[in-house]
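What follows is calculated from the coordinates using simple rules that are stated; it is not laboratory data. Keep in mind that this is a model prediction, so the values were computed, not measured. Here Cβ is always computed from backbone atoms with ideal geometry, including for glycine, and neighbour counts include all displayed protein chains.
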Amino acid sequence: MDNITVKSKDVTLLEVLDRVLDKGVIIAGDIVISVADVDLIYLGLKVLLSSVETMECLRGAPFPSPMQEAT
Amino acid sequence: MKLYLYGIIDSSSMIRESICGLEGSGVYNIPYCDIGTAVSEINQPIPGVSKRLVLEHEAVAEKLMEKFTVLPFRLLTILDGRENVLSMMDDYYGDFRDNLDGLRGKVEFGIKVIWPADKVKSCIINTCGTKNRNAHLLDDSAERRFVREKFEQHKIDRAFREKADGYINAMDVFLGKFATAKKLETLRTENLLLSAVYLVTKDNQDNFREAFEHVRTARKDFKYLVSGPWPPYHFVILRRNSQPRRNSGLTAMFDKVILQPTLVGADKTWQ
Amino acid sequence: MAMNSVVETDFPETFVEEMEKLQEALPRRIDANPKNVEKGLAKLVLTLVELVRKLLEKQAMRRIEAGSLSDEQIERVGETLMKLETKMHELKEVFGLKDEELNINLGPLGDLM
């Protein structure tokens, strides 16, 4: 998949990309990490997830905020 | 027969309007109980994500939105054969049904706000930067200077974020008033103060736009963008997917991460 | 390809500039060759190291603010943080990685850093 070149400075395209590229219905299995040992990576990711939770407690400069959902 | 998926719709009838999809193929409905999947047949492999593909996909989602409640698919969701589409709807029926009911008659608006980050920082530095309450850090060693500078930066960054939150909350008072749901992201970049999506009922679209105009005129030094109405890309929640699959992973750890079209066949082991 | 959704702004160029920075965080596919595999691995490792380093800095700042570190401790913390930062600069240069590349997108959780 090629990188999308947005040199045409099309702000509409970028707003659309913001949606169709990583929002919308995902029927699981369509994101693939194509490197060798899947189990190893999955384990690693669990570790990462707790780090993120810890980080969210440390809230403050300079990391971007996660999406805040409100009902 | 490869099928390109555009969205789940709350209808099991034929799509009467002629909607043109990828490769100029007609978009049609594959029904399941009282819902359906809007698809078109693709004959060529899709070589990459191109501007044309993105806009064609979105155009179909919007046309569907005119007549139906749509749960729009992510780009490049491709299934192999009608059976797999039916089986996918079977797997997700409850989720799809709930989302369709919850999103009926609602549309999504995007709001982005850019602020002058440099000016905000200068202002913060001028008002609180030079006071040095930590007298014991005035020692000259390189290490202490380093820490002192880090500490100053830490305070500035925190004040920066607090200011950002303040402005965002003020804006959200107006924008959130006519929204049934929202997602707000602060400072995705330093300058991009706010990146938000609001779920608004169709009846309230004008009220929402009015609220936006009010916000837009409030500060001359901020820059504003509004987009929409979109199908509710950001508001579809699938409970089923919140359980990680055994062999799946999260994104973008390596250069070789691919957004891969789903070619679901035999692998339907949900753990 | 008519689209009914509108995108309205008085400053399209400014928004394009900022939004393009966001697009850089999207995963890309590149050709598999040994050099790139190494770089991919380096990116992962350095991202994790950078995460830990930033957490350390943060924690240090909190403790300094709380006044719970002695002068000597501050000195030592400063030295360690300095060295870590310098080391990270070097490693990034060795692998040709920029700050923006040392990040991981965690899907619904947003970016790691």
Once phi for every residue in the range B:231-236 is put through the Karplus expression 6.51 cos²θ - 1.76 cosθ + 1.60 (θ = phi - 60°), the whole-Hz ³J(HN,Hα) values, with Gly and Pro written as x, are x, x, 4, 8, 10, 8
Quick note, the range B:35-190: a/c under 1.5 would make it rounded; otherwise a/b > b/c is prolate and the rest oblate (a ≥ b ≥ c, C-alpha gyration tensor); here it is prolate
Diffing the range B:111-122: the Karplus 3J(HN,Hα) column from phi (6.51, -1.76, 1.60, θ = phi - 60°), in whole Hz with x for Gly and Pro, holds 10, 10, 10, 10, 10, x, 4, 4, 5, 4, 5, 4
To the nearest 20 debye, the range B:107-233 has a Cα-centred charge dipole, built from +1 on Lys and Arg Cβ and -1 on Asp and Glu Cβ, of 180
Checked the range B:107-233 with the C-alpha gyration tensor, a ≥ b ≥ c its square-rooted eigenvalues, rounded below a/c of 1.5, otherwise prolate if a/b is larger than b/c and oblate if not; verdict prolate
Fewest-first ordering of C:E93, C:E101, B:E108 by Cβ atoms within 10 Å yields C:E93, C:E101, B:E108
Least to most buried among A:T12, B:T186, by other C-beta atoms within 10 Å and fewest first, runs A:T12, B:T186
Proxy exposure order for C:H89, B:H234, B:H57 (fewest C-beta within 10 Å first) is C:H89, B:H234, B:H57
For C:E93 and C:L22, extending 7 Å from Cα along the Cα-Cβ vector and measuring point to point gives, in nm, a value of 3.4
Across 5 Å bins beginning at 0, the whole-percent shares of Cα-Cα pair distances in the range B:2-104 come to 2, 14, 26, 27, 18, 10, 3, 0
Expected vector for the range C:85-99, Karplus 3J(HN,Hα) from phi with 6.51, -1.76, 1.60 and θ = phi - 60°, integer Hz, x for Gly and Pro, equals 5, 4, 4, 4, 4, 4, 4, 4, 5, 4, 9, x, 10, 9, 3
Residues of the range C:46-61 with backbone N under 18 Å of the label point set 7 Å from the Cα of C:E85 along Cα→Cβ are C:49-61
